[in-house]
Amino acid sequence: MISIDTKFLSYLCCLAFSLMTLTVFGSLTLEAAASEELWLITPEEAATPEEAEPLIRSRGLGPKLPDTGPMIELLKPIENETISVPTEIVVRFTPRSAPVDLSTLKVSVVKLVRIDITDRLTPYASPTGIKIPDANLPSGEHKVRLTVGDAEGNVTSKDVVFKIP
């Protein structure tokens, strides 16, 4: 006769139940996440006030410093062209002097108050760039600022404009 400790048996039952729950509900969660639409910019965010042009220009600060971090290139869609949604968005990061540091990635919608949308893009980002297969954007013109750095602390920022009919 085999003797099984009741605590061990209870542990095995809990483990089996946890695995069944993870299998059933985990797959539902993954399916729901996969079918959920990605709104790069929500309609509510698009409705916020635009960035105002400064009334007074600063003197003595000189021109904008050159971007020394990775190069940022928008491959899809073609910049400043009217696009339909959902649309594929492809951005390429090309290192200059050091590897891309993805922890420095910041993406924001340029409005009166900048709206940080980095967390929405993080699942689609890699050290080589960003690839979003089906991004939704509301109608209008949307200015998005991408900023990324490298392992040496060099940073580059690029503004891109999406025009949606």
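Of note:
- Couplings 3J(HN,Hα) for the stretch 100-109, derived from phi with the Karplus relation 6.51 cos²θ - 1.76 cosθ + 1.60 (θ = phi - 60°), are 5, 9, 5, 5, 8, 4, 9, 10, 9, 8 Hz, where x marks Gly and Pro.
- Counting all C-alpha pairs of the stretch 59-165, share separated by more than 23 Å (%): 28 percent
Bear in mind that the values in this text are calculations on the coordinates, not laboratory data. Predicted, not measured: the structure shown is a model, and the values here were computed from it.
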